[in-house]
1. Among the residues of region 198-219, is any within 11 Å of Asp105 (Cβ to Cβ) and at pLDDT below 95?
2. What are the pairs with Cβ atoms under 6 angstrom where one residue, in region 274-291, is farther than 19 Å from Ala115 by Cβ and the other, located anywhere, is open to solvent by less than 30 Å² (accessible area, probe 1.4 Å) and in a strand (DSSP E or B)? Sequence gap at least six, or different chains.
3. Can you find a residue that is modelled with pLDDT of 75 or more, within 18 Å of Asp151 (Cα to Cα) and under 41 Å from the mean Cα position of the chain (by Cα) anywhere in region 9-24?
4. Can you tell me which residues in region 150-209 are assigned to a loop (DSSP other than H, G, I, E, B), open to solvent by 70 Å² or more (accessible area, probe 1.4 Å) and either closer than 17 Å to Val53 by Cβ or among the aromatic types (Phe, Trp, Tyr) (or both)?
5. Residues in region 307-322: is at least one assigned to a loop (DSSP other than H, G, I, E, B), hydrophobic (A, V, I, L, M, F, W, C) and either free of Cβ contacts under 8 Å to residues at least 60 places away in the same chain or open to solvent by 50 Å² or more (accessible area, probe 1.4 Å) (or both)?
6. Those residues that are loosely packed, with under 11 Cβ neighbours inside 10 Å and either in contact with a strand residue (DSSP E or B) (Cβ under 7 Å, 6 or more places away or on another chain) or at pLDDT 75 or above (or both), I need them from region 326-344; list them, please.
7. Could you tell me whether Thr274 is not assigned by the TED database to the domain that holds Thr139, not charged (D, E, K, R) and not in a strand (DSSP E or B)?
Amino acid sequence: MADHYDVLGVKRDASVEEIKKAYRKLARELHPDVNPSPDAQERFKLVTHAYDVLSDPSQRQQYDRGPQQGFGGEGFSDFGDIFSTFFGGGSSQRGPRSRRERGQDALLRVDLDLAEVVFGIHKDIEVDTAIVCETCSGTCCQPGTAPVPCDICHGTGSISRAVRSLLGNVMTSSPCGSCRGFGTVIATPCTTCQGQGRVRARRSIPLDVPAGVDTGVRLQMAGSGEAGPAGGPNSDLYFEVKVRHDEVFSRDNDDLLCTLEIQMTDAILGTTTTFAGLDGDVTLELKPGTQGADIVTVKDRGITHLRGSGRGDLRVGIHVITPMKLSGKERDLVESFAKGRKATAPKLSEFQQGMFSKLRDRFFNV
């Protein structure tokens with residue numbers, strides 16, 4: 001790599017002001033807005049990088065000094081090496097760190113109708129996420145270019161410094177501030193992803209929701225999340241289920257609950273009726289003498305078990321409707337019916353907090 005002093009055209013003992021003056025002069029000549037030629041753009045990047053290094057006192061000192069070694073040229077990368085040398089054991093991770101990292105996991109919510117959890121459902125979920133940049137394929141570099149070794153740490157990713165200790169002068173290391181510990185510098189970043197190796201995009205995620213899920217259940221989709229920096233592995237996506245309230249049916253574990261309103265005559269004489277369930281029509285036979293708050297169970301018409309086979313039941317609570325207005329003829333018929341029966345007088349019974357309270361107690365205690 002070209003010498004930074006030569007790139008700026010200054011002497012090695014140049015002052016900060018001289019370096020700044022030289023950079024401004026070259027920047028006015030080479031800036032892409034002034035000189036759009038490819039050669040000028042490449043020189044402008046070199047000039048800018050050289051100025052970034054030489055204008056920072058610590059980076060300039062390290063650049064002038066070059067790679068530091070100690071103890072006969074072997075050097076210690078950190079205190080882990082010291083303990084490993086004198087006492088055995090210990091470990092340290094040498095070398096520059098990778099730009100490639102795993103993406104961040106994400107938690108999303110998926111709203112479902114109660115009918116959709118009876119048998120499960122397939123959904124295509126639209127999400128905004130990060131995908132690998134198609135221009136650079138995750139390399140972070142403009143096509144045809146590659147990262148170059150950092151001229152501060154010379155590709156090691158760390159800076160070594162001499163520190164006095166009880167053991168004498170030892171070498172410690174810290175991540176290089178110029179390359180952030182990567183050991184390389186991207187001189188020509190990809191213009192599409194700005195050197196990140198990934199871009200934001202909207203894509204469709206196919207999600208198979210199993211039957212029997214309930215609010216709070218989380219579904220994991222491994223490797224379906226965002227792409228990591230520099231083409232790193234995809235993260236995982238988690239979908240948390242929220243089951244919407246249904247106006248007719250409610251849920252008790254894997255059983256479905258509902259209330260069916262019938263006329264007084266149907267309760268007395270019995271009837272067969274059909275109503276719409278969550279998975280098709282349900283035919284219900286009511287015996288003569290059906291009482292209000294009776295529970296009629298329809299087997300295997302509930303929700304499919306989340307783990308295992310089979311389904312829950314459909315439990316139907318009966319609500320008998322007493323007519324509030326009668327025609328004269330209807331009233332005569334009811335009075336005639338009442339006179340013909342040996343009806344018992346009204347009497348007190350167990351306290352109930354209303355019809356729906358009774359239905360609730362019967363639902364959850366059958």
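1. no
2. Thr290/Ile318
3. no
4. His154, Arg180
5. No, there is no match, as no residue in region 307-322 is assigned to a loop (DSSP other than H, G, I, E, B), hydrophobic (A, V, I, L, M, F, W, C) and either free of Cβ contacts under 8 Å to residues at least 60 places away in the same chain or open to solvent by 50 Å² or more (accessible area, probe 1.4 Å) (or both).
6. Ser327, Gly328, Lys329, Ser336, Ala338, Lys339, Gly340, Arg341
7. In short, no.
Rundown of residues vs (1) open to solvent by 40 Å² or more (accessible area, probe 1.4 Å); (2) touching a His at 6+ places or on another chain (Cβ under 8 Å); (3) part of a loop (DSSP other than H, G, I, E, B), yes/no style:
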| site | (1), (2), (3) |
| --- | --- |
| Asp214 | yes, no, yes |
| Asp246 | yes, no, yes |
| Arg251 | yes, no, no |
| Leu284 | no, no, no |
| Thr290 | no, no, yes |
| Asp300 | yes, no, yes |
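The values are calculated or read from the model by the stated rules, or taken from the named source; none is laboratory data. None of these values were measured; they are calculated from a predicted model. Quick reminder, even Gly has a Cβ in these numbers, built from the backbone with ideal geometry, and neighbours come from all protein chains shown. The protein model used for the area step is the full one, side chains on, heavy atoms only, and it has no ligands, DNA or RNA in it. Shrake-Rupley method; radii C 1.70, N 1.55, O 1.52, S 1.80 Å.
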